[in-house]
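> Before we start, here is the structure in question, set down as structure tokens.
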Amino acid sequence: CKVTPALIPRNHRIEQAIVAATEDGDFSLFEALLTVLSKPYDDQPMFAAYMEPPKPEERVLKTFCGT
């Protein structure tokens, strides 16, 4: 039984997907997040970038309830 997910929804990745969708009409980052997070307990080496913490310029300083 796995209790700790390998992948979690990181704020900087969510923010990137929101910006791409709302400003550019590009939902590819959102769709990628759905794919990655659909199996959070599985080892998914091809999605290693989604495990990385944000770079200083990617930090999200303001979030909203539920994100």
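The values are calculated or read from the model by the stated rules, or taken from the named source; none is laboratory data. From a predicted model like this one, the values you see are computed outputs, not experimental measurements. Note that we place each Cβ from the backbone using ideal geometry, even for glycine, and neighbour counts take in every protein chain shown.
> Are any of the residues in region 10-25 touching a residue at least 40 places away in the same chain (Cβ under 8 Å), acidic (Asp, Glu) and surrounded by 13 or more Cβ atoms within 10 Å (Cβ to Cβ)?
So far as region 10-25 goes, yes, one or more of its residues are touching a residue at least 40 places away in the same chain (Cβ under 8 Å), acidic (Asp, Glu) and surrounded by 13 or more Cβ atoms within 10 Å (Cβ to Cβ).
> So, one more: Considering only region 58-66, I want to know if a residue exists there that is part of a loop (DSSP other than H, G, I, E, B) and surrounded by 11 or more Cβ atoms within 10 Å (Cβ to Cβ). I'd like the intermediate steps shown before the answer.
So in region 58-66, the residues part of a loop (DSSP other than H, G, I, E, B) come out as 59-66.
Still in the list and also surrounded by 11 or more Cβ atoms within 10 Å (Cβ to Cβ): 59-60.
Yes; the residues of region 58-66 include at least one that is part of a loop (DSSP other than H, G, I, E, B) and surrounded by 11 or more Cβ atoms within 10 Å (Cβ to Cβ).
> Within region 1-44, restricting attention to residues that are hydroxyl-bearing (Ser, Thr, Tyr) and part of a helix (DSSP H, G or I), which residue is nearest to the chain's Cα centre (by Cα)? I'd like the intermediate steps shown before the answer.
Pass one, region 1-44, residues hydroxyl-bearing (Ser, Thr, Tyr): 4, 22, 28, 35, 38, 41.
Retained after the next criterion (residues that are part of a helix (DSSP H, G or I)): 22, 28, 35.
Working: 22: 16, 28: 12, 35: 10 Å.
Among those residues, the one meeting the criterion is 35.
> Residue 50 versus (1) out of contact with any Lys or Arg (no Cβ under 8 Å at 6 or more places or on another chain); (2) in a helix (DSSP H, G or I): which is the lone unmet condition?
Of everything listed in (1) out of contact with any Lys or Arg (no Cβ under 8 Å at 6 or more places or on another chain); (2) in a helix (DSSP H, G or I), residue 50 misses just condition (1).
> Of (1) closer than 19 Å to residue 63 by Cβ; (2) at pLDDT 95 or above, residue 31 satisfies all except one. Which?
(1)
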